[in-house]
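S.K.: I have a structure here, written as structure tokens, and I will follow up with some questions on it.
A short reminder: the numbers here are calculations on the coordinates, not readings from a lab. If you're wondering where the values come from, they're calculated on a predicted model, not measured in any experiment. No Cβ is skipped: glycine too gets one built from the backbone with ideal geometry, and neighbour counts run over all protein chains shown.
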Amino acid sequence: MSKDYYKILGVEKNASEEEIKKAFRKLAHVHHPDKSGGDEAKFKEASEAYAVLSDKKKRAQYDTFGSAGAGGFQGGQGGAGFDPSGFGFDFSGFNNAGFDTGDLGDILSSIFGGRRVRRGRDIAVDIELSFQDSVFGAERKVVINSKLVKQKEVSINVPPGIEDGQMIRLTGQGETLEGGLPGDLYVKVHVRKHPYLRKEGYNLIMDLEVKLTEALLGADKIIHTLDGEITLKVPAGTKHGTILRVKGRGVPHAPMHSGAKNSGRGDLYIRISVQIPEKLSKDARKSVEELKKLGL
């Protein structure tokens, strides 16, 4: 289930930066583990929500992909969806890892008489996806076992259309310090190449070879898409390099705003390559010569 960060902080979705900060300060006063009666789980949840909603870029990304109240983003017909809960995700480069805890630290510092609250270190892992999973999205589990953290299993919801080399950030899943803020987990995605499909934006591209006679007379060709087999009609007189479009067989689109339904998918584009035989039999040559006499 997606988490509703606005609900966690107890603010409206149009809340100002100051209202968000004030709400977090109030919750931190109540739930910080170092305070009497504090609740570490609720403190981490509030810190996670604040880390996302206090950052303009991450808040915009979160609003785009939805919250628990909007049902989250369900990724196209592949059935796998992107759940932003626990993330505060973005696809920034690894060199930009980590969020700025200065402001958050200042808030906590004011709560504890000027004492700065430490933050755990970030952890990086790699995962590999099939081309199909990169198109439709997928859920993966990774086991983190290092000197930084006690062994634990983390679920990763990969959004549809992710590119090779992109990063997914899971807020609060890195090193945990007692009485401090948890670090983040950065997941670098590696996508295996497909034998004949490639991705350009929301569209999928492939090449298809047809015989000269098929190009001249037209033909029905069986195409293996990510959704299964389809029959492609190659029109008579198709030229070499012609591009045919199959609607709705591309990459799922993200909703344009919070609460929007999935807006559809891109298309599949098929570039036709007409095969020209290197050698002709006597009968074939004779037939071609007849065509030549007809001006073809």
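S.K.: Provide the gained length on full extension for the span Ile205 to Lys56, in nm with one decimal, where the gain is 0.36 nm per separating residue minus the Cα-Cα distance. Let's see the in-between values first.
M.R.: On the way: separation 149, 0.36 × 149 = 53.64 nm, distance 3.49 nm.
So the chain would gain 50.1 nm between Ile205 and Lys56.
S.K.: Sorted by mean Cβ packing within 10 Å, highest first, what order do the peptides 196-208, 226-238, 278-290 take?
M.R.: Working: 196-208: 15.1, 226-238: 12.8, 278-290: 9.9.
Packing proxy ranking, top to bottom: 196-208, 226-238, 278-290.
S.K.: Then there is this: Applying a 10 Å radius around every beta-carbon, put 239-246, 188-195 in order of their mean neighbour count, most first. Walk me through the numbers on the way to the answer.
M.R.: Details: 239-246: 12.4, 188-195: 14.5.
So the peptides 239-246, 188-195, ranked by packing, come out 188-195, 239-246.
S.K.: Take peptides 42-55, 15-28 and line them up by average Cβ neighbours within 10 Å, highest first, as a rough protection proxy. Before the final figure, lay out the partial values.
M.R.: Details: 42-55: 22.2, 15-28: 16.6.
Going by the mean number of other Cβ atoms within 10 Å, highest first, we get 42-55, 15-28.
S.K.: Out of the DSSP beta bridges found with both residues in the range 198-293, what percent are antiparallel (nearest 5)? The partial results should precede the final answer.
M.R.: Details: 15 of 22 bridges.
Looking only at bridges with both residues in the range 198-293, the antiparallel portion is about 70 percent.
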